[in-house]
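A short write-up of the structure that comes next.
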Amino acid sequence: MIVNSKIHRVLCSAVTAAIMTAIISFTLTAVNSGLHAFQFSNWLRAWIIAFSLVFAISFFLPAFVNRHVSKIIRIKE
């Protein structure tokens, strides 16, 4: 599949956010409720909320951080 760089960036952000939030929300849900009382619906709700936030943040935050760090630190050529 050939895509332009903007679509590639969105797909990478979405996949990274999905994997990270799935692992973290599963871990936190399992720890808080215990494995014996783990409910898939609780985990799914936590994952959807976390994914929504992390996807938006992972799409916009790198450019913001890069711009501000570039004002402070210069790259050695």
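Key figures for this structure:
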item	result
So Thr21, is it surrounded by 11 or more Cβ atoms within 10 Å (Cβ to Cβ), part of a helix (DSSP H, G or I) and out of contact with any helix residue (DSSP H, G or I) (no Cβ under 7 Å at 6 or more places or on another chain)	no
Hits in the stretch 43-77 (condition: at pLDDT below 90 and surrounded by 12 or more Cβ atoms within 10 Å (Cβ to Cβ))	Val54, Phe55, Ala56, Ile57, Ser58, Phe59, Leu61, Pro62
Yes/no for Ile7 being part of a helix (DSSP H, G or I) and of a type in the set (Val, Ile, Thr)	yes
Residue among Ala17, Ala50 that alone is of a type in the set (Gly, Ala, Ser) and free of Cβ contacts under 8 Å to residues at least 40 places away in the same chain	Ala50
Subset of the stretch 24-42 that is assigned to a helix (DSSP H, G or I) and of a type in the set (Gly, Ala, Ser) - its residue that is surrounded by the fewest Cβ atoms within 10 Å (Cβ to Cβ)	Ser41
The lone exception for Ala14 - which of (1) more than 13 Å from Phe59 (Cα to Cα); (2) under 19 Å from the mean Cα position of the chain (by Cα) it fails	(1)
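The values are calculated or read from the model by the stated rules, or taken from the named source; none is laboratory data. All figures in this text were calculated on a predicted structure; none of them were measured in a lab. Methodologically, a virtual Cβ is constructed for each residue, glycine included, from the backbone with ideal geometry; neighbour enumeration extends over all protein chains shown.
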